[in-house]
Structures are given as C-alpha cells and as structure tokens.
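**Student:** Structure incoming, see below.
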Amino acid sequence: MKLGFIGTGEITSSIVTGLCSSFTMRHSIRLSPRNTAIAKELANRFNGVSISSCNQEVLDHCDTIVIAVRPQVARDVLSELHFRPDHQVVSLVSALSLRSVSEIVAPAVRVTRAVPLPSTAKRLSPTGIYPPEPAACDLFAALGTVFAVESENEFDAMCTVTASIAAYFAFIERIGSWLAQHGIPESKARDYIARMFWGLTASAVDAPERSLQSLTGNHATAGGINEQFLRYLIEHGLLTNVSEALDAVLSRISAPSQSSDVGTAY
Ligand SMILES: NC(=O)c1ccc[n+]([C@@H]2O[C@H](COP(=O)([O-])OP(=O)(O)OC[C@H]3O[C@@H](n4cnc5c(N)ncnc54)[C@H](OP(=O)(O)O)[C@@H]3O)[C@@H](O)[C@H]2O)c1
C-alpha cells in the first residue's frame with residue numbers, strides 16, 4: 001500500500017510508528033511536510049517513510065490518503081487538493097461528516113471515517129470505522145482491533161466516548177495522589193495504580209463473554225469496600241454525570257457547524 005498522510009501531528013506519528021514497528025506489514029509512507037519536526041523525526045527513524053514537498057505531492061504518489069489535520073483547517077486544506085477517482089480516503093477529522101468529506105475529496109469515491117487512538121503506536125488501538133471499506137479495515141487491523149459500525153450515528157457515538165480518556169487519567173491520578181498522601185512514594189503509587197487498572201482492563205478484554213455490569217457486580221461484594229466506594233460515588237451522582245457529559249459531547253460532535261471550536265475528538 002502506498003500510504004499518504006495529510007497532517008503530520010500526534011495521531012499520524014502514532015499510526016506511522018505502529019505500522020513501521022510491525023514486522024508483518026510493509027508500506028511505502030509519504031508524509032505532508034507539516035509538522036516539519038515530527039515528519040523529519042519519523043522519516044529519520046523508519047525505512048520507507050519520506051516527506052513530500054507539499055500536500056498535493058502526497059496525493060500524487062499514494063493510493064490511500066489519511067486526512068489527519070485539525071477540524072478547524074480541514075476544509076481549507078482539502079479544498080486546495082486534487083484527488084483522483086481511485087484514491088481510498090480515510091478521514092480522521094471528527095467534525096467532518098462522511099457526506100462533507102466525500103464532497104470535498106470528489107472525484108474520490110471510496111471514503112471512510114476512522115477514529116484511531118494514540119495506542120496505534122503500540123498496535124493496541126481500538127479503531128471505529130464507518131463505512132467499513134476493506135482497505136481501511138486492513139490498515140487499522142494492523143494497529144489494534146477494528147470496530148466497524150454500520151451507521152454514522154454509531155460512529156459519532158464511538159468518537160464521543162474517546163472524550164472520556166482525559167477523565168479516566170484524572171480519575172486514576174486522583175487515586176494515585178491519595179495513595180501518595182498516605183505515605184507511598186509518588187512514583188510507586190503511580191506505578192501501583194497504573195498496573196492495578198491495567199490488570200483489570202486486561203481481564204475485561206480477555207473475557208468478552210462477561211458484561212461490564214457483571215464484572216462490576218463480581219467485584220462489589222455485598223458489605224465490602226468496593227461496594228462501599230461504588231455506592232458513595234453513585235449516591236453523589238458520578239455515574240449520572242458521566243452519561244450527561246457524554247450526551248453533551250455527542251451534541252457537539254454531531255452538530256459541529258453550531259460550534260466553531262470543535263477540537264480533536266481525542
Ligand atoms: N490525536 C488523536 O488521538 C486523534 C484521534 C482520532 C482522531 N484525531 C483527529 O485527527 C486530526 C489530527 O489530530 P492530531 O491530534 O494529530 O492533531 P495535531 O497534533 O495538531 O496534528 C495536526 C497536524 O496538521 C498539520 N497541519 C496544519 N495545517 C496543515 C496544512 N495546511 N497542511 C498539512 N498539514 C497541516 C499541523 O502542522 P503544524 O504543527 O505545523 O501546525 C499538525 O502537525 C484531528 O482532526 C483529530 O480530530 C486525532
């Protein structure tokens with residue numbers, strides 16, 4: 001696959017790192033020149049990665065084009081480019097609907113939206129894809145697990161939940177800080193908490209037949225400390241707030257034209 005990236009920032013860096021660290025797949029990769037520092041770093045680090053002199057040169061040399069610029073500039077950047085009918089386009093831009101991207105990249109007709117995460121660098125990213133074009137699915141299957149969805153509403157919901165990542169880190173940071181305040185050295189507290197949640201997440205991934213609700217119940221032994229902690233949070237509205245916050249993010253994602261400041265979904 002001749003793979004080109006328009007926008008060489010955080011997510012492109014993660015995807016290229018993941019692809020180039022894999023022994024099973026080999027791609028020829030072209031990067032757009034911005035961001036120069038990141039593009040140079042990737043081209044120096046990995047064989048098969050080169051930097052084009054401009055965005056159009058990326059399109060001219062590649063068959064699959066990943067669009068990875070920020071939503072605020074995406075329309076302007078793309079409308080200056082000339083796509084070919086045979087291009088496979090993969091848009092990572094959260095705020096552009098499939099219809100909008102398709103209009104801008106015409107005459108290209110194979111257009112897909114994807115929402116990979118920085119864990120693509122370790123080939124551990126769950127990636128939502130709509131519609132599930134085979135070439136796009138193959139690309140992200142090499143970088144983790146593909147979650148193909150059948151409608152744009154489902155895709156927007158998947159983008160929405162990626163907004164919970166910072167809150168997840170804030171949650172475990174608070175627990176780690178509490179531990180440090182109780183005498184555990186900070187780095188040890190951090191490591192302990194990260195590994196505690198890592199192990200729990202791994203158990204959930206390894207047991208797809210168990211619902212998350214049943215895992216919750218399993219850990220919340222009646223009268224035990226997990227039940228006590230969970231009940232406290234529920235009684236203080238934490239879980240209700242989670243649903244409300246996701247609703248608010250979804251409204252913003254699915255009506256980006258009413259919000260000029262839609263940033264990255266991640
Ligand atoms: N980060 C994630 O985990 C993630 C996950 C899923 C989807 N996304 C989506 O992916 C897109 C990129 O996100 P990001 O986090 O990678 O953002 P980012 O780090 O800001 O990268 C965007 C890149 O686009 C470059 N750029 C700006 N103007 C350009 C132009 N005219 N031509 C070519 N490149 C240009 C920027 O270069 P300069 O630095 O020189 O301005 C920057 O390197 C966003 O739409 C976001 O919604 C991101």
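The values are calculated or read from the model by the stated rules, or taken from the named source; none is laboratory data. The structure presented is a predicted model; accordingly, all values stated were derived computationally and were not measured. Note that each Cβ is placed from the backbone with ideal geometry, even for glycine, and that neighbours are counted across all protein chains shown.
**Student:** In the stretch 54-79, which residues are within 12 Å of the ligand (Cβ to nearest atom) and polar (S, T, N, Q)?
**Tutor:** Asn55, Gln56, Gln72, Ser79
**Student:** Within the stretch 88-111, can you find the residues that are closer than 22 Å to Gly18 by Cβ and more than 15 Å from the ligand (Cβ to nearest atom)?
**Tutor:** Gln88
**Student:** Mind checking which helices (runs of 4 or more DSSP H) fall wholly inside the stretch 152-266 and carry at least 3 residues that are charged (D, E, K, R) and either at negative phi or surrounded by 10 or more Cβ atoms within 10 Å (Cβ to Cβ) (or both)?
**Tutor:** On the way: elements: 152-161, 165-181, 186-206, 212-219, 225-235, 238-254.
Where helices (runs of 4 or more DSSP H) fall fully within the stretch 152-266 and carry at least 3 residues being charged (D, E, K, R) and either at negative phi or surrounded by 10 or more Cβ atoms within 10 Å (Cβ to Cβ) (or both), they are 152-161, 186-206, 225-235, 238-254.
**Student:** Here's another thing I want to ask about it. Only one residue in Ala106, Ala157, Ala95 is closer than 22 Å to Gln56 by Cα and small (Gly, Ala, Ser). Which one?
**Tutor:** Ala106 is the lone residue from the list that is closer than 22 Å to Gln56 by Cα and small (Gly, Ala, Ser).
**Student:** While we're on this one: Hey, does the stretch 112-120 have a residue that's at pLDDT 95 or above, within 14 Å of the ligand (Cβ to nearest atom) and over 14 Å from the mean Cα position of the chain (by Cα)?
**Tutor:** yes
**Student:** Going by what's in this entry, would Ile38 be described as within 11 Å of the ligand (Cβ to nearest atom), at pLDDT 95 or above, closer than 23 Å to Ser119 by Cα and assigned by TED's automatic domain parsing to the domain that holds Thr120?
**Tutor:** Numbers: within 11 Å of the ligand (Cβ to nearest atom): yes; at pLDDT 95 or above: yes; closer than 23 Å to Ser119 by Cα: yes; assigned by TED's automatic domain parsing to the domain that holds Thr120: yes.
Yes.
**Student:** Taking the options Ala180, Ala136, name whichever one is hydrophobic (A, V, I, L, M, F, W, C) and free of Cβ contacts under 8 Å to residues at least 12 places away in the same chain.
**Tutor:** On inspection, the qualifying residue turns out to be Ala180.
**Student:** Residues in the stretch 14-35 that are within 9 Å of the ligand (Cβ to nearest atom), among the hydroxyl-bearing types (Ser, Thr, Tyr) and over 19 Å from Leu117 (Cα atoms): how many?
**Tutor:** Of the residues in the stretch 14-35, 1 are within 9 Å of the ligand (Cβ to nearest atom), among the hydroxyl-bearing types (Ser, Thr, Tyr) and over 19 Å from Leu117 (Cα atoms).
**Student:** Restricting to the stretch 155-197, name every residue that is among the acidic types (Asp, Glu) and either at pLDDT below 95 or outside the structural domain of Ser243 (by TED's automatic domain parsing) (or both).
**Tutor:** Asp156
**Student:** Here is a further query. Does Asp138 satisfy the criteria of being assigned to a loop (DSSP other than H, G, I, E, B), away from the ligand (no atom under 12 Å from the Cβ) and more than 30 Å from Leu238 (Cβ to Cβ)?
**Tutor:** no
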